[in-house]
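Input: a single structure, listed below in structure tokens.
What follows draws every value from the coordinates through simple rules; no lab data is involved. Please read these numbers as outputs of a predicted model, since none were measured by experiment. In this analysis, Cβ positions are derived from the backbone assuming ideal geometry, glycine residues included, and neighbour counts consider all displayed protein chains.
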Amino acid sequence: MFDCITIGDAMRDIFLFPALSEMEEPATARQIKSEENFEKYLVFGLGDKITIEDVEFRIGGTAANTAVGFAKLGYKTAILSAVGSDNAGQNVHEKLQAQKVSTTLLKTYNRRKTSFSVIISYKGERTIFVYHAYEPRDFHLPENLSTRWLYLGPMAKGFESLFNKIVTQVVKNDLEIAINPGAVQIEAGLHSFGGLLKLISVIFLNREEAQKLSGLPGVPNIRDMAKVIQLQGPKIVVITDGKEGAYAYNGLDFFRVGAYPAHRVDATGAGDAFAAAFLAGIIEGESLPTCLKWGVINSASVIEKIGAQEGLLSKSVLKRRAKEYRWPADTLRFS
């Protein structure tokens, strides 16, 4: 039996690092004022040739990132996803197996491409171009999933049918569900989750996603958003807020942990690292504040490296850093 099976994307990540001297020309990197706020844009002239100072190739996708995260934390992990029969697909298989992630549920489609993303990295921020080669219907869900936990990552349109099949498995095999919904699920709303909604043990969202799912107008506070979402079914609502840290609400208590210090190099995979470490805390029976600490520590480690998996930590390192770090007095607030 597995400790966790992750379901979602597995892909090749291509990181591009443009020459900063070219990117910082006044006409290239600028702030554009909208009616609501200032947004930062990278602007490329049509027909321009942009110098790339470096390029890195990695594997990524939420299902792959969290699977490696769980494996690094010492859990028996498998990934349920799909790749093509191309070199990228073979590379995904090899890299996951090297990290001790089972690929028995990773389906390979002949004469099809593997999903990939092109990530333009600029001063620790990134813009991502994504090619999704597979839809949820391409994932092969066996009749019996032998696992304690299922982790569901973002999925493309058509996810409802897969969710319905998962509901049957959860009820039949008494599985725990954690979910990190993507843009398609957020746009469709909580009602689109169907019977899965009330079976969710933990839902992971960032602040913007939480506001959309809660439906609250204006600029609501995180506690109100968490309460609205938790009342719909999920047992624990976790909301990350970048440099402001992360929050968790279980229907009774509301907790906050501030961000762990880090030198930001690349933010790709930060949310996946957080989720893997937070769930490790849940599996180990730790308190919600400790789960949050593990999450922000793992996330901080990942953003100091290029790629979504290079900085992932072991459980022993998480525990040591959580114990040794002098958390600010206002780091934990609960009621």
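Report the trypsin sites (Lys or Arg not before Pro) located in the stretch 230-335 that are in a DSSP loop and have at most 11 other Cβ atoms inside 10 Å of their Cβ, or state none.
Sites meeting the loop and neighbour criteria: R326.
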Pairwise label distance in nanometres, W327 with A19, each label 7 Å out on the Cα-Cβ vector: 4.7 nm
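Just want to confirm a number: the relative contact order over the chain, from Cα pairs under 8 angstrom separated by 6+ residues, in percent.
Reported as a whole number, the value is 16 percent.
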Where both partners of a DSSP beta bridge lie in the chain, what percent of those bridges are antiparallel, to the nearest 5? 45 percent
Excluding residues fewer than 8 positions from K235 in its own chain, the aspartates and glutamates with Cα under 16 Å of it are D174, E176, D224, D253, E286
Ascending count of other beta-carbon atoms within 10 Å, so fewest first, for Y41, Y260: Y41, Y260
Could you work out how far the C-alpha centroid of the stretch 239-290 sits from that of the stretch 80-99, in angstrom? 28 Å
Please identify which residues in the stretch 69-91 have an amide N closer than 18 Å to a label point set 7 Å out from the Cα of K315, following the Cα→Cβ vector. 69-78
Report, to one decimal in Å, the Kirkwood hydrodynamic radius for the chain based on all distinct Cα pairs. 20.6 Å
Rounded to the nearest 20 Debye, what is the dipole magnitude of the chain about its Cα centre when Lys and Arg each give +1 and Asp and Glu each give -1 at the C-beta? 840 debye
Whole-number percent relative contact order across the stretch 179-335, with pairs defined as alpha carbons under 8 Å at least 6 apart: 18 percent
Give me the lysines in straight-line cross-link reach of K323: C-alpha distance below 26 Å, same-chain residues under 8 apart excluded. K72, K76, K243, K293, K305, K315
Nearest 0.05, what FRET efficiency do V43 and A183 give at R0 = 22 Å with Cβ-Cβ as r? 0.40
Quick check: the distance between the Cα centres of the stretch 188-232 and the stretch 102-117, to the nearest angstrom? 31 Å
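Stretch K113-E53 to full length: gain in nm at 0.36 nm per residue minus the Cα-Cα span?
Additional length available on full extension: 18.9 nm.
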Taking other Cβ within 10 Å of each residue's Cβ, how do S314, S214, S299 sort, fewest first? S314, S214, S299
Taking only DSSP H segments of four or more residues, each worth -39500 (n - 2.57), what value at 222 nm results for the chain once the sum is divided by all its residues, to the nearest 500 deg cm²/dmol? -9000 deg cm²/dmol
Please get the size of the charge dipole for the stretch 147-233, origin at its Cα centre, with Cβ charges of +1 on Lys and Arg and -1 on Asp and Glu, quoted in debye to the nearest 20. 120 debye
Cross-link reach from K100 to aspartates and glutamates, straight Cα distance under 16 Å and at least 8 residues apart if same chain, gives D3, E310
If R₀ is 30 angstrom, what is the calculated FRET efficiency for the pair N221 and N164, using the beta carbon separation as r and rounding to 0.05? 0.30
Placing +1 at every Lys and Arg Cβ and -1 at every Asp and Glu Cβ, with all other atoms neutral, what dipole size does the stretch 210-335 have around its Cα centre, in debye to the nearest 20? 220 debye
Taking the beta-carbon count within 10 Å as an exposure proxy, list H140, H132, H191 from fewest neighbours to most. H191, H140, H132
